[in-house]
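Heads up: the structure comes next, in structure tokens.
The values are calculated or read from the model by the stated rules, or taken from the named source; none is laboratory data. Quick caveat, the model's predicted, so the values are computed rather than measured. Cβ coordinates were reconstructed from backbone atoms using ideal geometry, including for glycine residues, and neighbour counts include every protein chain displayed. Heads up: the accessible areas ignore ligands, DNA and RNA and are worked out on the full protein's heavy atoms, side chains in. Shrake-Rupley method; radii C 1.70, N 1.55, O 1.52, S 1.80 Å.
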Amino acid sequence: MKDTAPEDRIHQAFLLYETGAYEESFALCSGSKEIALEILAAENLLALGRLAEAEAAFRDLISTIPGSSKAHFGLAEVLRRRGDERALAEYAEAVRLDETNIPALRHYSRFLIERGDHRGAIPVQKALARGSQNPADTLQLLRSLVAIGEAEEAIALYEESLRVRTSNPGFIEALIASKRYAEAATAAEETWREKGEAIYLHLWLEALARTDPDAAYELYKIHIREHPDTELLFSAALLAKQLQHYYEAMEMLHLLREQQNEPIYHLLLCDLLRVQGDMDSAEEEYSQLLSCQLGSLEHPETLGVIIRKYIDFLELRKEQDEVIEQISALLEPHPSWACLVSLGEMFERYGDLPRARDAFYRGYRSHFLRGGIPYAAFCARNNEMREAPKVILYILSHLRKTGDLEMVAEAIVHGEEKLYQIMKITHALIQRLIEMIPDLSANGREILAVASLYAASDALHKRDYQACKEHCLIGLDMMPCYPSSIRIEDFIPLLSQAKDHALSEQPVIQQVKVEEVSEEVPIAERLMLTEKEEKALAFIREHSEANEMELRSLLGTRRVAGIINEIIRKAGEEGISVIGKRGISENGEIYAWVFR
């Protein structure tokens, strides 16, 4: 191997990687100082599933060549496989550094779609479709446009870019979403008869049911005998209920329950029994469904829906006191947040506020987040304006996951209680959202923009024109594409008034100066190193460089590579670099102190 020319070695290593011979490719890469081979070595580690080593390798590359899109993309892939939401920021950095990096664009958009963030994915998908010229990428963009309600744009994109209308479900979904049902039914039927794929059958009958439900129902009855999948059967049952064919709808539901025991099938059956006047059977079905759900408590949100529908049902048959007694007896033995919140909602509904408050409070104590939001909302509805902010501020200060923060933010900004009117809450929310900007979805960024608009309006009212400008600029900066509840124009009157009334101008946007990182907290403490990791780091720092054999002797272990990789990983999580790899000597890998 020593006689192999560098370009031949790179070529051989890439060929091995492309054929899936990752171990052999990695062996060729090892010990090379060629950047291309260092990147390929890290990619081989990723392909082999050696995630800890791959993460350390990619972080080491980023410290050496921070402008490498491939290195950031590789780190994103490692983090994604670990279920670490920080992958989002690494994908974003990879495509920012190189917007022509097609694999990074494709994986980034896929990652966003898996998170349900279609609005966030659309700019990435547009860049991907332009760069790849791959119809499959254009179709993914089309489906994202449909998902956010931009059906007409999706149709225009399809007609302009693809032109083969009857070959893709996305186009038909866009026609349905834009209420062009006849066109959708015709296109879906033609493609179903041509290809025989079930998705087109579903779309055909769905579109036809909007214009001619009786004809669609007759076709459903024919096709569920030939294609008895659960989705088609459930659609047929819903249409049968709509057309008041209750007995046939119930037969279909019994077939569905034999295949899948989903709560939605039970709820629909309860409703069918109720409309037919068989109240005893409906109550028995509700009772069985609730017993099953309370026994597992696997789906608390679904349980809450079932309880609310059961209360509505009981009100048709019984007096208020009987309903309270029956629901209390059912839920009190289960002190989960879902049951306690449902109890609180029932007591509040019937005007028993002391018992409602007690139930909501116990729900909060059971789960500070899931029970805390309903408790704070109850307090706000009942003018407990000291307790509501206290609870929300506690929740905000203890959140760690981006999805949880966005859920709380949604309740604050869009909830009926208008908790955003309490500026202490709004300012705390803005601060937490800003802290998590790299991981926010498009919806999270829009909520930050809306909260900033409210804060700007409050600042203007208080004649704090500098703060008004700052909040406006944050809101404008964070607003995603296709916003649903705010527009750029909403900020202009506030900015205009702030400029008209300001007696002096202090710039909000200033040039960022790069400052040296201070080492106020000892690095070992900052990174929470183990004893051996701290010992290895101190040795490398003292000598500037150390090889693997020296560290083996120092630490009394052969696991030097794993220890160093863990240090690199922990440093990367803190956004710093402390150790860099400097190739391989006769005494093993060389590690250098790189912290500045």
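Dipole of the range 1-129 computed with +1 at Lys/Arg Cβ and -1 at Asp/Glu Cβ about the Cα centre; of GLY67, HIS11, ALA129, farthest Cα towards the positive end is ALA129. On the principal axes of its alpha carbon atoms, the range 282-359 extends 29, 27, 18 Å, with the longest extent given first. Counting protein heavy atoms only, the range 461-584 has 49 percent of its accessible area on carbon and sulfur, 1.4 angstrom probe. Calculated [222 nm] ellipticity per residue, helices only, for the chain: -22500 deg cm²/dmol; basis is -39500 (n - 2.57) per DSSP H run with n ≥ 4, divided by all residues, nearest 500. Please report the carbon-and-sulfur percent of the accessible area for the range 194-310; probe 1.4 Å, protein heavy atoms only, DNA, RNA and ligands left out. Carbon with sulfur: 48 percent of the solvent-accessible area. Based on protein heavy atoms only, the chain ends up with 51 Å² per residue of surface accessible to a 1.4 Å probe. Within the straight-line cut-off of under 17 Å between alpha carbons, the aspartates and glutamates reachable from LYS535 are GLU525, GLU545, GLU548, GLU550, GLU566, sequence neighbours fewer than 8 places apart in one chain being disregarded. For the peptides 35-41, 382-388, the ranking by packing is 35-41, 382-388, with the highest mean count of neighbouring Cβ atoms within 10 Å listed first.
The alpha-carbon atoms of the chain define a convex hull whose volume equals 224 cubic angstrom per residue. Of the solvent-accessible surface of the range 8-67, computed with a 1.4 Å probe over protein heavy atoms with every protein chain present, carbon and sulfur atoms account for 55 percent. Bridging of LYS318 to lysines at a Cα separation below 20 Å is possible for LYS309, once same-chain residues fewer than 8 apart are set aside. Computed over the range 402-512, the range of Cα coordinates on each principal axis works out to 41, 33, 24 Å, biggest value leading. Contact order, relative form, for the chain: 9 percent (alpha carbon pairs under 8 Å, 6 or more residues apart, mean separation divided by residue count). Using θ = phi - 60° in the Karplus curve 6.51 cos²θ - 1.76 cosθ + 1.60, the 3J(HN,Hα) couplings for the range 559-575 round to 7, 5, 4, x, 5, 5, 4, 5, 4, 4, 4, 5, 5, x, 5, 8, x Hz; x is entered for Gly and Pro. Note: relative contact order over the range 1-104, using C-alpha pairs below 8 Å and six or more positions apart, is 17 percent. Once backbone amide H atoms are built at 1.01 Å from N, ILE579 has VAL594 as its partners under 5 Å, excluding neighbours fewer than 5 places away on the same chain.
If you take the Cα centroid of the range 150-228 and the Cα centroid of the range 455-474, the two points sit 50 Å apart. Given LYS70/LYS401; LYS532/LYS570; LYS418/LYS499; LYS390/LYS424, which pairs have Cα atoms separated by over 19 Å? Flagged as over cut-off: LYS70/LYS401; LYS418/LYS499. Residues whose amide H comes within less than 5 Å of that of ALA502, counting only those at least five positions distant or on another chain, are absent (H built at 1.01 Å from N in the peptide plane).
Counting only residues at least eight positions apart within a chain, or on another chain, the lysines with an alpha carbon under 22 Å from that of LYS195 are LYS221. For the range 159-231, what class follows from the C-alpha gyration tensor (a ≥ b ≥ c being the square roots of its eigenvalues): rounded when a/c is under 1.5, otherwise prolate if a/b is larger than b/c, else oblate? It is oblate, given that a/c is not under 1.5 and a/b is not larger than b/c. The Cα atoms of the range 98-195 define a convex hull whose projected area, averaged across directions, is 6.1 nm². Checking the a/c ratio against 1.5 first, then a/b against b/c, what shape does the Cα gyration tensor give for the range 192-339? Here the range 192-339 falls in the prolate category.
Note on HIS334: accessible area approximately 50 square angstrom, rounded to 10, probe 1.4 Å, nucleic acids and ligands left out. Here, the range 1-90 yields an orientationally averaged convex hull projection of 5.6 nm² when only Cα atoms define the hull.
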